[in-house]
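Enquirer: My questions all concern the structure below.
The values are calculated or read from the model by the stated rules, or taken from the named source; none is laboratory data. What you are looking at is a predicted structure, and each value in this text was computed from that prediction instead of being measured. Positions of Cβ are generated from backbone atoms using ideal geometry, with glycine treated the same way; all protein chains shown enter the neighbour counts.
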Amino acid sequence: MEWPERLVNEAKKRMEPYDVEGFVLGKGDDRGEIMIVGEAPGENEAVKGEPFIGRAGDELDKQLDYLGLSREDVYITSVVRSRPYKWVKTNKKGMGGKRKANRKPNQKEIYAHAKLLDYQIEQMKPSLIIALGGVAYERLTGDKGKISDVVGKAIHTPVQREERGGYVETEEKYTIVPLYHPAAVFYNPKIKEDIYRSLDHLKEYLEREGD
């Protein structure tokens with residue numbers, strides 16, 4: 001995807017006040033039908049500049065395979081393009097007693113990169129947007145409810161785009177399917193059954209649309 005340099009520079013400048021590192025725009029088939037929107041890069045992604053290449057990336061690959069898809073079939077991006085981190089204590093040698101840990105992006109960080117996601121959606125006009133996790137789903141729809149209430153459901157709706165210091169709804173409607181973030185299974189293994197149930201719903205949707 002071709003990027004206006006002005007847009008990228010503005011986003012980076014907006015992020016200067018926050019504890020973030022790296023910058024990952026996205027990767028995959030930007031002329032395809034499916035866009036996947038995650039939360040933010042982690043440590044590996046921030047270093048290598050590619051989305052979903054750590055443990056969560058391995059889990060995402062498994063889920064794509066289950067759906068009959070691969071990374072070549074989709075475009076992967078995120079709500080925030082830089083890794084939000086916090087300092088935590090560690091006993092690991094050579095670390096000086098502290099290390100950087102991933103954290104959830106705050107609303108100001110999400111807004112700082114809003115125009116980038118807006119641009120990607122406008123350029124790609126995906127037939128389907130898969131929102132990985134509550135942060136991505138809320139950014140796209142404005143819905144602050146529990147993702148467990150909508151996970152796996154195909155929702156035809158406008159999306160939010162940045163305008164005049166806030167968000168407005170697009171005139172166009174998009175089909176959004178919220179899924180649990182692939183990393184969720186690491187913190188709550190019991191959720192695996194729910195994850196694959198939602199993937200079954202998505203698989204059924206893809207099969208119907210492909211007929």
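Enquirer: Could you look through segment 12-29, keep only residues that are more than 13 Å from the chain's Cα centre (by Cα) and closer than 17 Å to residue 115 by Cα, and pick out the one that is surrounded by the fewest Cβ atoms within 10 Å (Cβ to Cβ)?
Expert: Result: 16.
Enquirer: Moving on to the next point. Check whether at least one residue in segment 93-104 is assigned to a helix (DSSP H, G or I), polar (S, T, N, Q) and surrounded by 14 or more Cβ atoms within 10 Å (Cβ to Cβ), and report yes or no.
Expert: Within segment 93-104 (the criterion being assigned to a helix (DSSP H, G or I), polar (S, T, N, Q) and surrounded by 14 or more Cβ atoms within 10 Å (Cβ to Cβ)), the answer is no, since none of the residues qualifies.
Enquirer: A follow-up question, please. With respect to residue 86, determine if the residue is at pLDDT 95 or above, part of a strand (DSSP E or B), out of contact with any Phe, Trp or Tyr (no Cβ under 6 Å at 6 or more places or on another chain) and surrounded by fewer than 17 Cβ atoms within 10 Å (Cβ to Cβ).
Expert: Spelling it out, residue 86 is indeed at pLDDT 95 or above, part of a strand (DSSP E or B), out of contact with any Phe, Trp or Tyr (no Cβ under 6 Å at 6 or more places or on another chain) and surrounded by fewer than 17 Cβ atoms within 10 Å (Cβ to Cβ).
Enquirer: Okay, moving on. Have a look at 26, 57, 32, 22 and point out the one that is small (Gly, Ala, Ser), in contact with a Lys or Arg (Cβ under 6 Å, 6 or more places away or on another chain) and touching a residue at least 40 places away in the same chain (Cβ under 8 Å).
Expert: Result: 22 is the single residue among 26, 57, 32, 22 that is small (Gly, Ala, Ser), in contact with a Lys or Arg (Cβ under 6 Å, 6 or more places away or on another chain) and touching a residue at least 40 places away in the same chain (Cβ under 8 Å).
Enquirer: Let me ask another. Considering segment 1-35 alone, what residues qualify as being among the basic types (Lys, Arg) and within 30 Å of residue 175 (Cβ to Cβ)?
Expert: Those that are among the basic types (Lys, Arg) and within 30 Å of residue 175 (Cβ to Cβ): 14, 27, 31.
Enquirer: Further question on the same structure: So in segment 175-192, with the set limited to residues that are assigned to a helix (DSSP H, G or I) and among the aromatic types (Phe, Trp, Tyr), which one is surrounded by the most Cβ atoms within 10 Å (Cβ to Cβ)?
Expert: So, considering only residues that are assigned to a helix (DSSP H, G or I) and among the aromatic types (Phe, Trp, Tyr), the one surrounded by the most Cβ atoms within 10 Å (Cβ to Cβ) is 186.
Enquirer: Just name the residue that is nearest to residue 184 (Cα to Cα) out of those in segment 126-160 that are free of Cβ contacts under 8 Å to residues at least 40 places away in the same chain and in a loop (DSSP other than H, G, I, E, B).
Expert: 146
Enquirer: Of everything in segment 14-34, what is closer than 20 Å to residue 111 by Cβ and outside any loop (DSSP other than H, G, I, E, B)? Give them in sequence order.
Expert: Of everything in segment 14-34, those that are closer than 20 Å to residue 111 by Cβ and outside any loop (DSSP other than H, G, I, E, B) turn out to be 14, 20, 21.
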